[in-house]
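Student: Attaching a single structure in C-alpha cells format; questions to follow.
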Amino acid sequence: MYLQHMFGLLYHPKSEWDSIKEEDHSLGHVYLTHLIFLAAIPPFAVLVGTTQFGWSIIGKEYYYLSMATAVPLAIGFYVALLAGMFFMAYTTYWMEKTFGAEASLERCLLFTTFTSTPMFLAGAIGVLPILWLDVFVVMAAVSYTIYLLYAGVPIFMNIPQERGFIFATSICTVGMCALVGIMAATVIIWGSGIAPQLLG
C-alpha cells in the first residue's frame, strides 16, 4: 500500500492525497512499516559512500572515513532523522488548530512521512558522495517535497486553499529553523574536537 501511495504521489499527487487522508494508522505502525526503512536510506548510503568510494568536492580528489568513524556518524544521522520526523509531525499537530484543521498526531506523522519521501529516496545518492552531484539531486528532491507539502496540506487537513498555503509555509519555516539548528549543533560538536577523521 505504501509503495502504491508513493508512486501515486509522483504521478498524480492531488488525487493520491485524497486517498491517503482516508487511512488511519498508529504512531508505531507508521514508524515500523514506513519510517524505519525510509530513514535508513540516507545514513546507509552515506556510510557506504564515504567508506568505500570516498568523498570528493569536485570529483577528483577523494577522502575516506574509517568504518570506526563512519558507523557512529551513520547511527547518529539515522536517530536524528527519526527524531526529526516526530518533531515535524508534532509541530504540525500543534499548529493545526490555529488554521482550523483537526488531525491526530498519528495522521500528522503519516502526512509528514509521505511529504518527506522524495528526500529520503534522494538520500541514496550518498553512495556516490560527490558534493555537486549530491547537492543537485537533494535540491530536486527538496523542491518536489515542498510541492507535495503545498499541494497536500489543504487536501489532507481539509482546509481552504488560502489557509492551507499559510499552514504549509509555517511548516516550511519550522523545518528550515530545525535544519539550521542541526547544522549549528554539528558545527559546535565538530569544533569541540569530535570532528570525523578523514583518510587520504
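Student: For the residues THR91, THR98, THR112, what sequence is obtained by ranking on other C-beta atoms within 10 Å, fewest first?
Tutor: Going from least to most buried by this count: THR98, THR91, THR112.
Student: How many percent of the alpha carbon pairs in the chain exceed a separation of 29 Å? Please list the in-between numbers first.
Tutor: Values: 5518 of 19900 pairs.
Result: 28 percent of Cα pairs exceed 29 Å.
Student: Can you list which of the DSSP-assigned H helices in the chain have a Cα extent of 27 Å or more along the long axis and an average Kyte-Doolittle score of at least -1.0?
Tutor: Correct list, ordered by number: 67-96, 131-156, 161-189.
Student: Follow-up. If you place +1 on the Cβ of every Lys and Arg and -1 on the Cβ of every Asp and Glu, how big does the dipole about the Cα centre of the range 2-199 come out, in debye to the nearest 20?
Tutor: The dipole of the range 2-199 has a size of about 340 debye.
Student: Name the residue from GLY84, ILE171, ILE130 whose Cα lies farthest towards the positive end of the charge dipole of the chain, charges +1 on Cβ of Lys and Arg and -1 on Cβ of Asp and Glu.
Tutor: So the residue furthest toward the plus end is ILE130.
Student: Determine the dipole magnitude for the range 1-75: charges of +1 sit on the beta-carbon of Lys and Arg, -1 on that of Asp and Glu, nothing else is charged, the reference point is the Cα centre, and the result goes in debye to the nearest 20.
Tutor: Value, rounded to 20: 320 debye.
Student: Per-residue ellipticity at 222 nm for the chain, helices alone: DSSP H runs ≥ 4 residues times -39500 (n - 2.57), over residue total, nearest 500 deg cm²/dmol?
Tutor: Taken over the chain, the calculation gives -22000 deg cm²/dmol.
Student: Reported to two decimal places, what Rg/Rh ratio describes the range 1-83 when computed on Cα atoms with Rh from the Kirkwood expression?
Tutor: With Rh from the inverse mean 1/r over Cα pairs, Rg/Rh is 1.14.
Each reported figure results from applying straightforward, stated rules to the coordinates on display, with no laboratory input. Since we're looking at a predicted model, the values are computed, not measured. Virtual Cβ from ideal backbone geometry, glycine too; neighbours counted across all protein chains shown.
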